[in-house]
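This report concerns only the one structure given below.
The values are calculated or read from the model by the stated rules, or taken from the named source; none is laboratory data. Every value quoted in this text rests on a predicted model; they were computed, and no experiment measured them. Don't worry about glycine lacking a Cβ; one is built from the backbone with ideal geometry, like all the others, and counts go over all protein chains shown. Heavy atoms of the whole protein, side chains included, go into the accessibility calculation; ligands, DNA and RNA do not. Shrake-Rupley method; radii C 1.70, N 1.55, O 1.52, S 1.80 Å.
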Amino acid sequence: MLCSLRRQLLWPLIPQRGYRGDSPTDSGKDVLEIPLPPWQEHPDEPLDTKRARLLYESRKRGMLENCILLSLFAKENLARMSEEQLNRYDRLINEPSNDWDIYYWATEAKPTPAEFDTDVMAMLREFAKNRNREQRLRQPDLEYLFEAPR
């Protein structure tokens, strides 16, 4: 009872950024709201550190579909992205609170909101089409990080 009262009193004060299922018939009574910290830019982060962080964040998503898609995309693209593209990729994978949104935008199951519809999103959509019909069943091994650049 006390927990319920506390939630009712504090709820308006908590920023409404979190995951909620969007089923139209869902009453929402059994949904646990998990507030997420707001995304923050890292303007003074060295490029090598930014690439390493984005590689890690691309691999550790919380849903297998995005772990595979984003880690393979990162392996293929992070090294040649400009600083501006890295910043847009950082925002794309870290600002949306629902990983399914990123997946649906990349696979074009849902339209991408204007604020995320950038050149980086276009690269990710093209990568998701898998025109070479590669077998993408797991994340890449990390040995490629220790290979000489091509």
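Some points to look at:
- Of the residues making up the stretch 39-74, those that are among the basic types (Lys, Arg) and out of contact with any Leu (no Cβ under 9 Å at 6 or more places or on another chain) are ARG53, LYS60.
- Single unsatisfied condition, ARG80 versus (1) closer than 19 Å to GLU45 by Cα; (2) buried (at least 18 other Cβ atoms within 10 Å of the Cβ): (2)
- Scanning the stretch 83-109 for residues that are open to solvent by 80 Å² or more (accessible area, probe 1.4 Å) and of a type outside the set (A, V, I, L, M, F, W, C) yields a total of 3.
- Yes/no for GLU65 being at positive phi and open to solvent by 50 Å² or more (accessible area, probe 1.4 Å): no
- Test: residue in the stretch 109-127 that is without any contact (Cβ under 8 Å) to a residue 40 or more places away in the chain, more than 18 Å from the chain's Cα centre (by Cα) and either farther than 26 Å from GLU41 by Cα or part of a loop (DSSP other than H, G, I, E, B) (or both): no
- Against the list (1) in contact (Cβ under 8 Å) with a residue 60 or more places away in the chain; (2) of a type in the set (Ser, Thr, Tyr); (3) in a helix (DSSP H, G or I), the condition TYR89 fails is (1).
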